[in-house]
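Working notes, beginning with the structure itself.
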Amino acid sequence: MCGREESPTNHVVSVYDQLTICEECIDFINQMRESEMADLKRSKGADTVGKKIPTPKEIHKFLDQYVIGQEEAKRYLSVAVYNHYKRINQKHDKDDDDVDIEKSNIIMVGPTGTGKTLLAKSIARLLDVPFTIVDATVLTEAGYVGEDIESLLTRLLQACDYDVDKAERGIVFIDEIDKIARKSDNPSITRDVSGEGVQQGLLKLLEGSTVLVPPNGGRKHPEQKMIPVDTKNILFICGGAFDGIERKIASRLNTHMVGYGHDEKSRKRQRENLMRYVLPQDLKSFGLIPEIIGRLPVLTSLDPLDRDALRRILVEPKNAITRQYKKILELDGVELTYTDDALDLIVDKAIEYKLGARGLRSIVETVMVDAMYEAPSSGKKKLVIDAAYVREQLEKAHYEKMEITE
């Protein structure tokens, strides 16, 4: 094709009949193709960046479809994500006043089953930026069995097919952040490799610096080439149950009470919901180091779910557990309905077991197992779940407290 003759260093390949092409031309074509693919990828990324930014109210409205209640946490998240989009779209012109919008990482505190992870998953559905949910429980200090801190960014790179430019505009949700708290009263003589050391390793990620990330995990392939990732524009959202932090908050609130008239008020306030009074110093008392608290400037709490919220969670969200079962049985041609008294009984049991929204799911799963077993082969077209059926199934599964008679 190019008119050159074959040589020992330039082999000629026969393509079709009399048409031949040399290896130098093949290399040239491959380079051109890779360059065009990179340009196309960049332009796609630019299209994503240039899209209309959803306003905080639009993000909040979207979250309402999946998460019931938790208005304060939704507002904080909506504003943080909106500002993150604006940071991505920020143009640096020569005439600009050189004001950089800095990120505000978030930490969410709330009891188990109140919707921390669900909020993160719901936001992931909305976003055009790379998003990943990672777990802090597996992290250890460098050199110990477990995962390196940099593996958090490996997951983000995987979420955007190792496009570093995209990853540097992403959002990382770190779940179970309370599990890396410093255990100061640890009776073990061995080193606590999953506590304070992990927090210190997270500092450089949260603040913003260039981190060398192993593309396939750090310890399995030590010879691999590292990928440099700048975390300056990566938004970090942390969530944790912080079980037992109420005692720290209670002791702090009691120290500020002066006079005789406050005793009954303070006791009532503690009974209602202590999490809403959480402050950075409570996180420090729990075991987070001051440096990491300073890098998570936005602190918000999630409310425990009351009876009203649990009742709405059963039926209202797009992915409500009752809707999921209706859909499953619909595929078998069976119409499933729940009576109001059945739903009320399920909610009462969830409150009794104190497991939050997850308790609802475990109870409904227990109630539905026999119905799911029988329905596909029974030939019935309708199935009604009432309170008597719910009670019968819970007793069968030993959920109900058995009365012991003498």
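The values are calculated or read from the model by the stated rules, or taken from the named source; none is laboratory data. Just so it is clear, the structure is predicted and the values come from calculations on it, not from any experiment. No Cβ is skipped: glycine too gets one built from the backbone with ideal geometry, and neighbour counts run over all protein chains shown. Just the protein is used for accessible areas: all its heavy atoms, side chains included, with ligands, DNA and RNA removed. Shrake-Rupley method; radii C 1.70, N 1.55, O 1.52, S 1.80 Å.
Some values worked out for this structure:
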read-out: Sequence ranges 142-154, 386-398, ranked by mean other-Cβ count within 10 angstrom, highest first; value: 142-154, 386-398
read-out: Residue-span extension gain [CYS25 to ARG252] - 0.36 nm each, minus C-alpha spacing; value: 74.3 nm
read-out: Alpha-carbon gyration tensor eigenvalues x 5, square-rooted, for segment 61-170, Å; value: 25, 23, 13
read-out: Relative packing of peptides 224-230, 376-382, 165-171, 352-358 - highest average C-beta neighbours within 10 Å first; value: 165-171, 352-358, 224-230, 376-382
read-out: The chain: angle of helix 245-255 to the longest principal axis, Cα-based, in degrees nearest 10; value: 60
read-out: Per residue solvent-accessible surface (Å²) - the chain, probe of 1.4 Å; value: 59
read-out: Of all DSSP beta bridges in the chain, antiparallel share, percent nearest 5; value: 30
read-out: Degrees, to the nearest 10: 71-89 long Cα axis against longest axis of the chain; value: 10
read-out: Selected from VAL138, VAL334, VAL109 as most flexible by GNM, with the chain as the system and alpha-carbon contacts under 10 Å; value: VAL334
read-out: Prolate/oblate/rounded label for segment 295-406 (Cα gyration tensor, a/c 1.5); value: oblate
read-out: Over 18 Å (Cα to Cα) - which of LYS103/LYS284; LYS74/LYS284; LYS326/LYS380; LYS116/LYS179; LYS116/LYS327 fall in this group; value: LYS103/LYS284; LYS74/LYS284; LYS116/LYS327
read-out: Magnitude of the charge dipole, the chain, Cβ model with Lys/Arg +1 and Asp/Glu -1, debye to 20; value: 1260
read-out: Three-way shape label, segment 115-195, alpha-carbon gyration tensor, a/c 1.5; value: oblate
read-out: The chain, relative contact order in percent, only Cα pairs under 8 angstrom and at least six apart counted; value: 17
read-out: Distance between modelled label sites at ARG307 and VAL15, nm, 7 Å Cα→Cβ extension; value: 7.8
read-out: Protection-proxy order for peptides 115-121, 22-28, each taking the mean of Cβ atoms within 10 Å per residue, highest first; value: 115-121, 22-28
read-out: Ratio Rg/Rh [Cα only; Rh per Kirkwood] for the chain; value: 1.09
read-out: Zero-based 10 Å bins, Cα pair distances in segment 100-252, whole percents; value: 10, 38, 35, 14, 3, 0
read-out: Nearest 10 degrees, 0 to 90: helix 116-126 Cα axis against the chain principal axis; value: 40
read-out: Net lengthening on full extension, THR112/GLU392 (0.36 nm per residue, minus Cα-Cα); value: 98.0 nm
